[in-house]
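> Please see the structure below; I have some questions.
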Amino acid sequence: MKFLSTTLLFALLWGCGSDSEQVADPASQAGISEEVAADVRGVTDTEIVLGNHTDLSGPIAIWGVGATNGARLRFDRANDDGGIHGRKIRFIVEDTQYQVPQSIRAVNKLINRDEIFAMVLGLGTPMNNALMTQQFESNVPNLFPISGARSMVEPLHPMKFTQRGIYYDEMRAAVKYFVEEKGKKAVCAIYHDTDYGQEILEGVEDQLESMGLTMAGVSAHKPTESEFTAAILRLRKADCDLVLMGTVHRDTILILETARKMGWEGIAWVGNNAAYGQVIADQESGEGYYAFVHIAKLYADDEMTPEVRAWWDEYIARYDVEPDLPAMEGYRAADLTVTALEAAGRELTVESLLAAVEDINDYHDIFGYRVSFSAIKHSGATESVLSQVQDGRWVKLEQSISY
């Protein structure tokens, strides 16, 4: 029923634009032939149009704003260098406030009015899950979404690629690591009652089953929940000593703060990319919190290569704030996109773009991490990093942890 409801909602909203909002003659407006416009949506003699649905003003705007800023930095640099085979990138961003209905409206506009060539950095597991089928029917690839859900790459599909680690795999690795290496015995989970949260729960449950263990306690909540006293009492009553978290920044902070106020100590709280940011490390309650990530945060006083230092300084000069992990992820996604567009050649098509992404098999980003794709592997990340908040900073503990 959930799938049917989402699909029906998409169908209703997909056609909600009025006739007056539609571009009557995109080919003539772009200055290219009707034949070219019909063959390659979002590609003209002078332009490549890319789209993005993200959260700029909702509960995970930290991710949306940072990733968008990082991507714009890279796309603008490509444009300043003359573009991609003579074409400039136009990057259209729509704010969804981390709401599925808003995302559906945004993608309706991006595809039907803006006629984007590809989607880049679409944010949110529930949003991407609701959008991808119709997006693919419009021949629009989904490149490097801000989601670690298995559905971003499974089942294998020619239009689905992710640069991230997979939440499910990271949670299985987390359970194995903390049980075997840290001696944790009572494993619990607290998670969003969404597709994203379910991914976390399934990873924990499946790893426990493989180890002959059972879940000690669980608690689910809405993404907008702000009161966690009852949830913490439930988990504390279960004597949890390891809690895997399917949360984002805001509720992670509230959960950790609630536990601290209740005097509940000695617990290993473990999250993932969705709940990894300096805003958590800045909180007193964030001390000791763990997260699995595919890229570790940088600090101004870290030793950096000249290339990374130049990127760092350019970001601050442009946005008047230090770049965080979202900015790093956004920049890398844009760089991967530029790399693929350049490799696809002047005769750009969706097919040539997808083939070019699959050919990225030994890419090293400026931050020191490797990404690799192939015709049978559309999940690019090759390693996960375990980090912990120590004295208000994220510190890398282990790299390439697996289950």
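The values are calculated or read from the model by the stated rules, or taken from the named source; none is laboratory data. Worth saying up front: this structure is predicted, and the values here are computed from it rather than measured. FYI the Cβ positions are ideal-geometry reconstructions off the backbone, even for glycines, and counts take in every protein chain you see.
> Quickly run through the stretch 359-381 and pick out the residues that are out of contact with any helix residue (DSSP H, G or I) (no Cβ under 9 Å at 6 or more places or on another chain), farther than 24 Å from LYS297 by Cβ and either surrounded by 17 or more Cβ atoms within 10 Å (Cβ to Cβ) or of a type in the set (D, E, K, R) (or both).
Once the filter is applied, which keeps residues that are out of contact with any helix residue (DSSP H, G or I) (no Cβ under 9 Å at 6 or more places or on another chain), farther than 24 Å from LYS297 by Cβ and either surrounded by 17 or more Cβ atoms within 10 Å (Cβ to Cβ) or of a type in the set (D, E, K, R) (or both), the stretch 359-381 yields only ASP362.
> May I pose another question? Pairs, please: C-beta under 6 Å, at least 6 apart or cross-chain, first residue touching a residue at least 12 places away in the same chain (Cβ under 8 Å) and in the stretch 233-257, second among the acidic types (Asp, Glu) and buried (at least 24 other Cβ atoms within 10 Å of the Cβ)?
Taking only residues 6 or more apart or on different chains, not a single pair turns up.
> Is there a residue being surrounded by 20 or more Cβ atoms within 10 Å (Cβ to Cβ) and closer than 25 Å to LEU354 by Cα anywhere in the stretch 132-139? Don't jump to the end; show me each part of the working.
Of the stretch 132-139, the ones surrounded by 20 or more Cβ atoms within 10 Å (Cβ to Cβ) are 132, 135.
Restricting the remaining residues to those that are closer than 25 Å to LEU354 by Cα gives 132, 135.
Yes - at least one qualifying residue is present in the stretch 132-139.
> Something else now. Suppose we filter the stretch 168-194 for residues that are in contact (Cβ under 8 Å) with a residue 40 or more places away in the chain, more than 14 Å from ALA291 (Cα to Cα) and either in a helix (DSSP H, G or I) or over 25 Å from the mean Cα position of the chain (by Cα) (or both); how many remain?
7
> Tell me whether the stretch 77-90 contains one or more residues that are assigned by TED's automatic domain parsing to the domain that holds VAL357 and in contact with a Pro (Cβ under 8 Å, 6 or more places away or on another chain). Break it down into steps so the answer makes sense when it comes.
Going through the stretch 77-90, the residues assigned by TED's automatic domain parsing to the domain that holds VAL357 turn out to be 77-90.
From what's left, in contact with a Pro (Cβ under 8 Å, 6 or more places away or on another chain): none.
No, there is no match, as no residue in the stretch 77-90 is assigned by TED's automatic domain parsing to the domain that holds VAL357 and in contact with a Pro (Cβ under 8 Å, 6 or more places away or on another chain).
> Now a separate question. Kindly check whether there is at least one residue in the stretch 258-271 that is buried (at least 19 other Cβ atoms within 10 Å of the Cβ) and within 24 Å of THR54 (Cα to Cα).
Checking the stretch 258-271: at least one residue is buried (at least 19 other Cβ atoms within 10 Å of the Cβ) and within 24 Å of THR54 (Cα to Cα).
> Quick one: would you say SER147 is under 17 Å from ASN272 (Cβ atoms) and either over 18 Å from the mean Cα position of the chain (by Cα) or of a type in the set (Ser, Thr, Tyr) (or both)? Walk me through it before giving the result.
Numbers: under 17 Å from ASN272 (Cβ atoms): yes; either over 18 Å from the mean Cα position of the chain (by Cα) or of a type in the set (Ser, Thr, Tyr) (or both): yes.
Spelling it out, SER147 is indeed under 17 Å from ASN272 (Cβ atoms) and either over 18 Å from the mean Cα position of the chain (by Cα) or of a type in the set (Ser, Thr, Tyr) (or both).
> Taking the stretch 362-395 as the search range and keeping residues that are under 19 Å from PRO158 (Cβ atoms) and in a loop (DSSP other than H, G, I, E, B), which one is nearest to the chain's Cα centre (by Cα)?
GLY380
> Taking the stretch 195-220 on its own, how many of its residues are hydrophobic (A, V, I, L, M, F, W, C), assigned to a helix (DSSP H, G or I) and out of contact with any strand residue (DSSP E or B) (no Cβ under 8 Å at 6 or more places or on another chain)? Break it down into steps so the answer makes sense when it comes.
Quick first cut of the stretch 195-220, residues hydrophobic (A, V, I, L, M, F, W, C) only: 200-201, 204, 208, 211, 213, 215-216, 218, 220.
Then keep just the ones that are assigned to a helix (DSSP H, G or I); that gives 200-201, 204, 208.
With out of contact with any strand residue (DSSP E or B) (no Cβ under 8 Å at 6 or more places or on another chain) added as a condition, the list becomes none.
So the answer is 0.
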